[in-house]
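Taking it in order: structure first as C-alpha cells, then the write-up.
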Amino acid sequence: MLLTIVSDLYVSSNCRDKGSNGSVRYRLSEQTTTRYPGVFYVDSVSGQLKVMRSLDREMESIYEVGVVAYDLGQIISLSSEVCRKISLL
C-alpha cells in the first residue's frame, strides 16, 4: 500500500487488493491525536484533512500531522503512514 500527499488538504492511497481488502480508510496517527487533540480531522473515506480550530503561530509555528491509510482486510489489514509538516508563517 502506498500513501501519498496529493495536495495540502488531501491524502490518497492505492491498494491493489480486491473486495473489502482493497477498500482504503484514513485516520490520524496516534501521535497526532495525542499531541493535537481536537485540532485536526481526516475524513475516513475521502482522506480530506481539515483544521478544526485556529492555529496560533506564537504557540506553535510548525505542526507535524500524521495520517494512516489502512485497508479493510478481514484477516490481515495493511497500513501505511505519512507525516506532513505544516509551517505557519
Take the residues of segment 53-86 that are of a type in the set (Gly, Ala, Ser) and modelled with pLDDT of 85 or more: which is surrounded by the most Cβ atoms within 10 Å (Cβ to Cβ)?
Ala69
Could you identify the single residue in Lys50, Lys18 that is modelled with pLDDT of 85 or more and either of a type outside the set (Val, Ile, Thr) or surrounded by fewer than 17 Cβ atoms within 10 Å (Cβ to Cβ) (or both)?
Lys50
Residue check: is Ser23 at negative phi, surrounded by 14 or more Cβ atoms within 10 Å (Cβ to Cβ) and among the polar types (S, T, N, Q)?
yes
Of all residues making up segment 47-89, the number that are outside any loop (DSSP other than H, G, I, E, B), aliphatic (A, V, I, L, M) and more than 16 Å from the chain's Cα centre (by Cα)
1
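The values are calculated or read from the model by the stated rules, or taken from the named source; none is laboratory data. Worth saying up front: this structure is predicted, and the values here are computed from it rather than measured. Because the Cβ atoms are built from the backbone with ideal geometry, glycine has one as well, and the counts that use them run over all protein chains shown.
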